[in-house]
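Each remark here refers to the structure printed beneath this line.
The values are calculated or read from the model by the stated rules, or taken from the named source; none is laboratory data. Keep in mind that this is a model prediction, so the values were computed, not measured. FYI the Cβ positions are ideal-geometry reconstructions off the backbone, even for glycines, and counts take in every protein chain you see. Heads up: the accessible areas ignore ligands, DNA and RNA and are worked out on the full protein's heavy atoms, side chains in. Shrake-Rupley method; radii C 1.70, N 1.55, O 1.52, S 1.80 Å.
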Amino acid sequence: MGEALSDDYLNYCIQLVKNSQTMAKAFISLGYNIVSKGTDNHMFLIDLRNKNLTGKEALAALEQVNITVNKNMVPFDDKSAFVTSGIRIGSPAITTRGLKEKDCVKIVDLIDNVLKNKDNPKELAKIKKKVNTMMVKYPLFKS
């Protein structure tokens, strides 16, 4: 409880929402359908049906480049829970690592590039290198 009362935690929570909102807006600008048309919290759900992708396909492609999302059912989903028509994206992990709004726009561009090239191993390898190079500046653990 002490952590939740600290200014550092408050600032983290504020940044968490800013990052999530920035990503949702960036996805919308690229033609993705955000189920709630935006977000007021740390996550949001993307309906991928207008991109002719399943959540399972998106998850598999993004895992290849070290980007973690969750496949997720969307309202009125016509796919099973094992396939899904959507993905859920959250901002806690990247916010904890220190990323800000400008970084979130780059991440959205990387995700969009992955989804457009999900069947292109050479392009996915290039994107993976970009992801790993970007994240070197934001280590999981600080020594």
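Put simply, of THR68, THR39 the only residue that is polar (S, T, N, Q), open to solvent by 30 Å² or more (accessible area, probe 1.4 Å) and either under 30 Å from PHE141 (Cα atoms) or outside any helix (DSSP H, G or I) (or both) is THR68. For region 104-137, the set of residues classified as without any contact (Cβ under 8 Å) to a residue 40 or more places away in the chain and within 12 Å of the chain's Cα centre (by Cα) consists of LYS106 only. Only one of (1) touching an Asp or Glu at 6+ places or on another chain (Cβ under 7 Å); (2) assigned to a loop (DSSP other than H, G, I, E, B); (3) open to solvent by 20 Å² or more (accessible area, probe 1.4 Å) fails for LYS18. Which number is that? Result: LYS18 fails condition (2) only.
Taking (1) part of a helix (DSSP H, G or I); (2) of a type outside the set (Val, Ile, Thr); (3) over 22 Å from ILE28 (Cα atoms) in turn, PHE82 satisfies each apart from (1).
Okay, residues lined up against (1) of a type outside the set (Asp, Glu); (2) in a helix (DSSP H, G or I); (3) at pLDDT 95 or above; (4) surrounded by fewer than 18 Cβ atoms within 10 Å (Cβ to Cβ):
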{"residue": "TYR9", "(1), (2), (3), (4)": "yes, yes, no, yes"}
{"residue": "ILE14", "(1), (2), (3), (4)": "yes, yes, yes, yes"}
{"residue": "THR22", "(1), (2), (3), (4)": "yes, yes, yes, no"}
{"residue": "PHE44", "(1), (2), (3), (4)": "yes, no, yes, no"}
{"residue": "LEU53", "(1), (2), (3), (4)": "yes, no, yes, no"}
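Within region 24-36, restricting attention to residues that are assigned to a loop (DSSP other than H, G, I, E, B) and not hydroxyl-bearing (Ser, Thr, Tyr), the residue that is surrounded by the fewest Cβ atoms within 10 Å (Cβ to Cβ) is GLY31.
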